[in-house]
Every structure is written in structure tokens, then in C-alpha cells.
Amino acid sequence: MKIAERPQQGTKETNSPSIPLNSGAAFYRCYPSSAVHLARLLVDNSQTMVKTGKQESAKKKSVRKARASLPKNVPREVEYPSTDEDAAIAQPRESIVTPSGARSQGVAVAGERHDIQKALFRDGTSASQQVHPVTPARPIRHPQKQQQEADSPAKRKLLFGRLVNEVTVRDNVRQVYSIVRKLTGSIGGNGSSGPIYGELTMGSMQKVINAMIEHTKLNKSSRFIDVGSGIGKPNLHVAQDPGVEFSYGIEVEHDRWLLGMTCLNGVLEAASKQNIDEQDTEFIQHRCMFDCGDISEAESFDPFTHVYMFSCGFPPALWGHLSDTWNDSSSQYMICYSGPRHMITDWDFDLELLTQLPTSMHGSKEGHMAYIYRRAPKTTRPQAAVCDPLFQAAWDMVKGNNLDLIKNVVHDKLMEAMNTKTGPATRSKRKISK
């Protein structure tokens, strides 16, 4: 709504269009002197800003010129001229001594708030007392920290930018996984009740083994058992890295055990054909064996030092027997995928937690937490020399370290399981047998 000004008394109302009070024209019409004053202020301010800008640019130019005249090795402790007057009175000096002890040729600094000659050095003396210049202070890195950084694994960037440690896998481990992949497929083989079987990725299994080497002293003299070994990837992995003395897997599901024996037979075939160099430490190892059996028939886990099990899906009745078997054993370390509350509180395992780490599954990329335990110190038992009867035959065969013997035994068991001595069963052979 437009509001027009009222005409003054004694004047006639004109036919000129109405002017809003909030417009610039109304302001000039009502307050002519103030408008002129405001215009002058604006002009003065603009001139002042232009003049100030020129002064600032001249000051910056003089500072840059003074800095450019100094040599490049002047330390940062030197205070450069901050005003035009300081730059103008700066005089050349033979040598500049900074508080850090550096000497350099260049322009002396004017307007300093402290006397450079009285600056103290590291040893508490002044510049006038110094005969030889002291090198500038540099950040000192501890040799142990430098060695830790050099030994730390390389980082790998994930899809969304998160950095993770690069996992190094040995060549013989990669060869074994390639053989297993050709024999069982990319998913890891089939079998009834397949979802409860855990197939870790090669990188996740390597992370678990690295943690076992660090926290449980897993080495070439260790003996490793996998309860519910499936197709045998963990057993074949530790047989190569670090190359344990005895790698044993027991599986109750016949189809899965058959796949594991097929993979072991392929690995042993590759081991027998390789040319072993004396300097080569990454050749395929063969100290591994699988059995189809029930772990509930075992009375202890002796002679194994490390007990591994992908415990997701174990029935409650099996947990009770595993707890009694562990508590009656001399095994020192257990690696499973159940937390301390389940293992120690619910089932009374004589354990204490060492560490835990996340893992991912093969194919589905499902994640599970791996827990590494050791036997509680108050229940530590001396290492038993007696092997449990359930593992005796496999232990006697593998500790002889005879590749040909292990290979023949595995081949015979595989052929016997397939109901033929001459090769895999076919339709024609089934008709002949009938």
C-alpha cells in the first residue's frame, strides 16, 4: 500500500504521483541536508579505503622485498620487518645469530624486541661466548620408533578411504588355495548343513595365523587340530605357514571330509612334483592329515598345542564334552569364534582371553570375531607324552615326515571312500558292480 505525503497548509495539491516514504527519493526530499552529508561521508570513506589499501600493499611489498634479500637458509626464528619504517632502517650485518644457534649472512633485523646477541644457546652460553656456531635444533626421532615404523605392515586403502594393514601371504599358501579352488569351486565346496561351516578368506585366515604366531608362539614345533575341519583350509594353511609339525583335522560330516581329502590329495600331488631348492623356504609342506570321526570320542586334546574350531553352530551337547575334554588336556591355546562369556562363564572352560580380531567369510563376506585364548595359569598342566587314541594313527604316520607314505595313505582312503580302487565311480562302473 502506497502512502503519499500530505501537502503543506497553504499549498495546492499537485497531480504528481505519490512517492513511498521508504524510497530513496522520499529520503532526499524530506532530509536534503542529511542526504548531502551522507554522500560526502561515503566519498570520504571510499577515498580512505583506497589510500589504506595502497599503504597496505606498499607495506607487503617492502616486507617481501626485505625477505627476498635474506638468504634461504635463515631459520624461522628471525623476525622480519613488519612496518615500512622497519624495512627502511634495516642495515646489512656481517652475521645473524638466532636463538637456535644458526649463523647466516644477510640483512639484520630491525625492530627486534630482544637482543640477538644475548640469546641463549642450548648449553646456556650467549652468542658472544660462542666460538663455533651450533647447528639449528631439528626434531629428533627415536631409533626404536623409526625401526617400528619400518617394520610395520604397509597400509591398504579400502573403497571408502579406510586404511587397513596389508596382509602378506606366502607363495606356497597361495598355491595351496589355488589347488583347493580348482577342486571345490570359488565358494568352497558343498555339503549338507553347509551354512554352519565357516570358510574364512585367505587374508582373514592369515590375520588369525599372524595373531597366533604373535600371541601363542605358533611355530614349526607346534601341533594343530581343527575340530570340524570341513574341507581343510585352516589345516592346509598352517601346514605351509608357519609349517607346523602336525596339522590334523577331524570332521563328522562325510561329504565335507571327502572334499577335504580330495584337496589334501591334490596338495600332496603338487608337493611330490615340485623341485625343492636348498635356499627355497616356501615350498609346499605335507605334514597334514584328515579323519572322518566324532570328536566326542576323544578323552583329551593331547598331543596338540593349539586347538582351533569354527564354533558357530555347535550344539549344546557338544559344548559340554568339549569343555571336559579341554580341562583334562595339556593343550595350551584355543582359537574359536565364541566370546569369553560363552566359553568361561557358561561352559566353564579353563581359559583366559589373549586377544580378538575381526574376520570375514568366503563368498558371503559375513563377519565373525575370532578369539584367541590360553589355558588359565592356575590350571596349567605339564605337557603329556601320551597321545589320545583317536589321533594316534594319524600322529604316528605324519611324524615320520614321509611324503610318499602320506600320499599313498590319503589316496587309498579316498578310493576306499568312493567304493573303488581304480578311480572315481562312474555309471558304467556302478552297472558292472551290480
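The values are calculated or read from the model by the stated rules, or taken from the named source; none is laboratory data. The structure presented is a predicted model; accordingly, all values stated were derived computationally and were not measured. Cβ placement follows ideal geometry from the backbone for every residue including glycine, while neighbour counts extend to all protein chains displayed. The accessibility values were calculated without ligands, DNA or RNA, using every heavy atom of the protein model including side chains. Shrake-Rupley method; radii C 1.70, N 1.55, O 1.52, S 1.80 Å.
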**Item:** Above-threshold pairs, the threshold being 21 Å between Cα atoms, out of K273/K407; K233/K365; K182/K407; K233/K413; K207/K365; K207/K407
**Value:** K207/K407
**Message:** 7 Å from Cα along Cα→Cβ at both R64 and S296: what's the point-to-point distance in nm?
**Reply:** 8.6
**Message:** Under a crude label model (7 Å from the Cα following the beta-carbon direction), how far is K365 from D328 in nanometres?
**Reply:** 4.5
**Asked** With labels modelled as points extended 7 Å from the Cα through the Cβ direction, what inter-label distance (nm, one decimal) is found for K217 paired with N419?
**Response** 5.0
**Message:** Which order do you get for D328, D255 if you rank them by accessible area with a 1.4 Å probe, largest at the top?
**Reply:** D328, D255
**Anisotropy class of the stretch 206-318 from Cα gyration tensor, a/c 1.5 cut** = oblate
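Let a ≥ b ≥ c be the square roots of the eigenvalues of the Cα gyration tensor of the stretch 261-338; is it rounded (a/c under 1.5), or, if not, prolate (a/b larger than b/c) or oblate? Don't jump to the answer; show the numbers that get you there.
On the way: a/c = 2.82, a/b = 2.17, b/c = 1.30.
Because a/c hits 1.5 or more and a/b exceeds b/c, the stretch 261-338 counts as prolate.
For a quick protection proxy, order the peptides 225-233, 333-341, 243-251, 59-67 by their average other-Cβ count within 10 Å, most packed first. Mind dumping the intermediate values first?
On the way: 225-233: 26.1, 333-341: 19.6, 243-251: 24.4, 59-67: 14.6.
Peptide ranking by packing, descending: 225-233, 243-251, 333-341, 59-67.
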**Request:** Taking the Cβ of V386 as the centre, find all other residues whose Cβ is under 11 Å away and add up their charges (Lys, Arg: +1; Asp, Glu: -1).
**Result:** -3
**Prompt:** Is the stretch 236-291 best put as rounded, prolate or oblate by its Cα gyration tensor, with a ≥ b ≥ c the root eigenvalues, rounded for a/c under 1.5, and otherwise prolate when a/b is larger than b/c, oblate when not?
**Reply:** oblate
